[in-house]
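Novice: First the structure, which I've put down as structure tokens, then a few questions once you've had a look.
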Amino acid sequence: MSRRLLVAAGVVLAIAAAVISLREPTLPTFEPTGQAQQLPAEGEFVGLSVEEFSGVLVGQEGRPVVVNIWASWCGPCRAEMPLLQAAAASYEDEAVILGIAANDDPDAARAFLDDLGITYPNGFDSTGEIHDVLDVRAFPTTYVFGADGTLRAQVNGGISEQRLAGLIDDALR
């Protein structure tokens, strides 16, 4: 095979890999199970293990849950928090917005929430297991669980208001 043909084949493979990587991410296999638990109360910022996180999701069965993984050191996280706050108010009777700080200092994360005036439920990934089971690859990452508890969507990186509303509306159907 000629060198020119090998280079052309390599370019085609690289383009194909780039196109595939731009598609929606493969969803993690995480399924919430266990004992139902309450959402963290407004103003409360609690550490959650993966079992407790799973229980919180089970406790919301019947309503879609948007889980946003964030960190106080993440600029795009800061930019999208007001959007999530607005969505929490808009969908308060229909869906749940739940923030989970990961790879962060709990005190810095708490100060971040206070600085932005965030009141929707938030917790802290106290063991790093939530980050792992959801296969977080970027900050922020947003997951949408349907009313039946199944993971329906994942968005790596910042999310727009329109995309978030579309995903919530889809989960409500």
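The values are calculated or read from the model by the stated rules, or taken from the named source; none is laboratory data. No experiment lies behind these values; they were computed from the predicted model shown. All Cβ positions, glycine included, derive from the backbone under ideal geometry; neighbour counts span all protein chains shown. Protein only, heavy atoms only, side chains kept; ligands, DNA and RNA dropped before computing areas. Shrake-Rupley method; radii C 1.70, N 1.55, O 1.52, S 1.80 Å.
Novice: With angles folded into 0 to 90 degrees, how steeply does helix 50-59 sit against the dominant principal axis of the chain? Use alpha carbons for both and round to 10.
Specialist: That works out to roughly 70 degrees.
Novice: Using DSSP, restrict attention to beta bridges with both residues in segment 92-173 and report what percent are antiparallel, rounded to the nearest 5.
Specialist: Numbers: 5 of 8 bridges.
Taking every DSSP beta bridge with both residues in segment 92-173, the antiparallel ones total about 60 percent.
Novice: Using R₀ = 25 Å, calculate the FRET efficiency as 1/(1 + (r/R₀)^6) where r is the Cβ-Cβ separation of Arg163 and Val58; round to 0.05.
Specialist: 0.45
Novice: Using a basic spin-label model with each label point 7 Å from the Cα along Cα→Cβ, how many nm lie between Ala108 and Arg173?
Specialist: 4.1
Novice: For the chain, what does the convex hull of the Cα positions come to per residue, in cubic angstrom?
Specialist: On the way: hull volume 24.2 nm³, N = 173.
About 140 Å³ per residue, rounded to a whole number.
Novice: For Val50, Val133, write out the residues from largest to smallest accessible area, computed with a 1.4 angstrom probe and no ligands counted. Numbers along the way, then the final one.
Specialist: Working: Val50 20, Val133 55 Å².
Per-residue accessible area, sorted high to low, gives Val133, Val50.
Novice: Calculate how steeply helix 106-116 sits against the longest principal axis of the alpha-carbon atoms of the chain, using the helix alpha-carbon long axis, and give the answer as 0 to 90 degrees to the nearest 10.
Specialist: Long axis of 106-116 versus the principal axis of the chain: about 80 degrees.
Novice: Helix 161-172 versus the longest principal axis of the chain: what is the Cα-based angle in degrees, 0 to 90, to the nearest 10?
Specialist: The angle comes out at about 70 degrees.
Novice: Using the Cα centre of the chain as the reference point, and only Cβ charges (+1 on K/R, -1 on D/E), how large is the resulting charge dipole? Debye, rounded to the nearest 20.
Specialist: Details: 10 positive and 24 negative charges, 247 e Å.
The calculation lands at about 1180 debye.
Novice: Find, among the trypsin sites (Lys or Arg not before Pro) in segment 77-145, those assigned to loop by DSSP (not H, G, I, E, B) with at most 15 other beta-carbon atoms within 10 angstrom.
Specialist: Numbers: sites: Arg78, Arg110, Arg137; in loops: Arg137.
Answer in residue order: Arg137.
Novice: How long is the gain from Ala86 to Thr127 if the chain were fully straight, where each residue apart is worth 0.36 nm and the alpha carbon distance is subtracted?
Specialist: 11.9 nm
Novice: Follow-up question, since we're still on this one. Roughly what % antiparallel, to the nearest 5, for the DSSP beta bridges in the chain?
Specialist: Numbers: 10 of 23 bridges.
Looking only at bridges with both residues in the chain, the antiparallel portion is about 45 percent.
Novice: What's the FRET efficiency of Glu94 with Gln35 using the Cβ-Cβ distance as r and R₀ = 22 Å, to the nearest 0.05?
Specialist: Numbers: r = 24 Å, r/R0 = 1.11.
That gives a FRET efficiency of 0.35.
Novice: Place the peptides 140-146, 100-106, 32-38, 153-159 in order of packing, highest mean first, counting for every residue the other Cβ atoms within 10 Å and averaging per peptide. Please list the in-between numbers first.
Specialist: Working: 140-146: 22.6, 100-106: 20.3, 32-38: 13.7, 153-159: 18.1.
Answer by packing, highest mean first, reads 140-146, 100-106, 153-159, 32-38.
Novice: Could you compute the net charge surrounding Ile69? Neighbours are other residues with a C-beta less than 12 Å from the C-beta of Ile69; K and R count +1, D and E count -1. The partial results should precede the final answer.
Specialist: On the way: positive: Arg137; negative: Glu80, Asp104, Asp125, Asp132, Asp135.
That sum, taken over residues with Cβ under 12 Å, equals -4.
Novice: Shifting gears a bit: What ranking do 81-88, 40-47 get when scored by the average of other Cβ atoms within 10 Å per residue, highest first? It would help to have the intermediate numbers written out before the result.
Specialist: Working: 81-88: 19.0, 40-47: 13.6.
Result, highest mean Cβ count within 10 Å first: 81-88, 40-47.
Novice: Show me, bin by bin at 5 Å from 0, the whole-percent P(r) of segment 77-129 based on Cα pairs.
Specialist: P(r) over segment 77-129, rounded to whole percents: 4, 19, 30, 24, 14, 7, 1.
Novice: Please calculate how many Å² of accessible area the chain carries per residue, with a 1.4 Å probe and no DNA, RNA or ligand atoms counted. Display every interim value, and only then the final one.
Specialist: Details: 9130 Å² over 173 residues.
Ligands and nucleic acids excluded, the figure is 53 Å² per residue.
Novice: Give the ranking of Glu92, Glu52 by solvent-accessible surface, highest area first, calculated with a 1.4 Å probe.
Specialist: Details: Glu92 115, Glu52 70 Å².
My answer, sorted largest first, is Glu92, Glu52.
Novice: So, with a 1.4 angstrom probe, what is the percent of accessible area on the chain that is carbon and sulfur?
Specialist: 53
Novice: So for segment 30-173, taking the charge dipole from beta-carbon charges (+1 Lys/Arg, -1 Asp/Glu), which of Val155, Thr33, Tyr120 sits furthest toward the positive end?
Specialist: Checking the options against the dipole of segment 30-173, the answer is Val155.
Novice: Based only on Cα atoms, what Rg/Rh ratio does segment 26-93 have, Rh being taken as Kirkwood's radius?
Specialist: Details: Rg = 13.3 Å, Rh = 13.7 Å.
Rg/Rh: 0.97.
Novice: Here is a further query. Please compute the net charge surrounding Pro121, taking Lys and Arg as +1 and Asp and Glu as -1 over other residues with Cβ under 13 Å from its Cβ.
Specialist: Working: positive: Arg63; negative: Glu42, Glu44, Glu52, Glu92.
Result for the local shell: -3.
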